[in-house]
Amino acid sequence: MSFLGLALTHARIAGRQRALWVVSILLTVLAATLNVNTGLAFETDDVADLAFLAQLLALLPPIAYAAAFTDLVSAPARLGIAEVEASSPTSPAMLAVARVVGSLLVVALPSALVLLFCGFAQTAHGNQWAVLQAVSLFAFVTAPGALLAMSLSSLAGTVLPRAIARIAAVAAWCVAIGLTTFVPTPEPGGGFKIHLASDAVCQAFFGCSPLMDQASANVAASAPIEAVVALAAKLAIAITLLSLAGALSRSRAYRRG
């Protein structure tokens, strides 16, 4: 079986999770209706609104992915397609990539469609680059968030029972969101106000303020090299988590055998 065939097989498996579709779509709709800038992403021609939507799509729908992919590594053996993979001329690394890519394409589809819709809507409002911007934001902001949540879920499912792993993965994802996205700043009259930090890619390439919900002239935006490093770090973390999950799963299968 070819790489494309394996990826499509895993895409069909992921697509059968009805609960995942329902929760993912609801969270996608929630992300599309939140606003802290000049308007909803499909109502304006401001790329900052599009970037804000892409970042929300990288944070909220992955909550569902964190709960849904605890068996991402162990699924082939459990579903009986391990023999098919073993007979494939594709390398083990490509088999793992096909599994992840196939699942990612399915779960990220609602987010991609929403971003494209908003891109076309912004084009109608005068932003001629909106569709290209929407595609870029999906590829470099939204999709890496989904991949990180899936890899975290996969690792949790390898070391914990499935029910506990789902809870632990969702909790870990929410903690990660809280630590990396919400920024407390002191108020003049005392106390703190919580702001939303922009993704480094949004700052460096889409002109977003470091604090998404307000202009922050006193805070320097990320430089392009910093954004590239931050994106590379996300991908490296996801690959590391997936590799660790795969190694642990193979080790357990070897001990059982």
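The values are calculated or read from the model by the stated rules, or taken from the named source; none is laboratory data. Everything numeric in this text was worked out from a predicted model, so none of it was measured. Reconstructed Cβ throughout: ideal geometry from the backbone, glycine too, with neighbour counts over all protein chains shown. Heavy atoms of the whole protein, side chains included, go into the accessibility calculation; ligands, DNA and RNA do not. Shrake-Rupley method; radii C 1.70, N 1.55, O 1.52, S 1.80 Å.
Restricting the search to region 46-64, which residues are of a type outside the set (A, V, I, L, M, F, W, C) and over 21 Å from residue 235 (Cβ atoms)? Of everything in region 46-64, those that are of a type outside the set (A, V, I, L, M, F, W, C) and over 21 Å from residue 235 (Cβ atoms) turn out to be 46, 49.
Okay, residues lined up against (1) of a type in the set (Ser, Thr, Tyr); (2) in contact with a strand residue (DSSP E or B) (Cβ under 8 Å, 6 or more places away or on another chain); (3) crowded, with 21+ Cβ neighbours inside 10 Å:
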| site | (1), (2), (3) |
| --- | --- |
| 129 | no, no, no |
| 133 | no, no, yes |
| 142 | yes, no, yes |
| 146 | no, no, yes |
| 151 | yes, no, yes |
| 156 | no, no, yes |
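Among residues of region 166-200 being closer than 28 Å to residue 20 by Cα and among the β-branched types (Val, Ile, Thr), the one that is most open to solvent (accessible area, probe 1.4 Å) is 167. Of everything in region 94-126 that is outside any helix (DSSP H, G or I) and open to solvent by 20 Å² or more (accessible area, probe 1.4 Å), the residue that is nearest to residue 60 (Cα to Cα) is 125. All of (1) modelled with pLDDT of 80 or more; (2) in contact with a Leu (Cβ under 8 Å, 6 or more places away or on another chain) hold for residue 22 with one exception: (2). Between a residue in region 55-81 that is within 17 Å of residue 161 (Cα to Cα) and of a type in the set (Asp, Glu) and any residue that is at pLDDT below 65 and open to solvent by 30 Å² or more (accessible area, probe 1.4 Å), which pairs come within a Cβ distance under 9 Å, given they are 6 or more apart or on different chains? Short answer, once both residue conditions are applied: 71/78; 71/79. Of the residues making up region 69-81, one or more are among the small types (Gly, Ala, Ser), at pLDDT below 75, assigned to a helix (DSSP H, G or I) and open to solvent by less than 20 Å² (accessible area, probe 1.4 Å).
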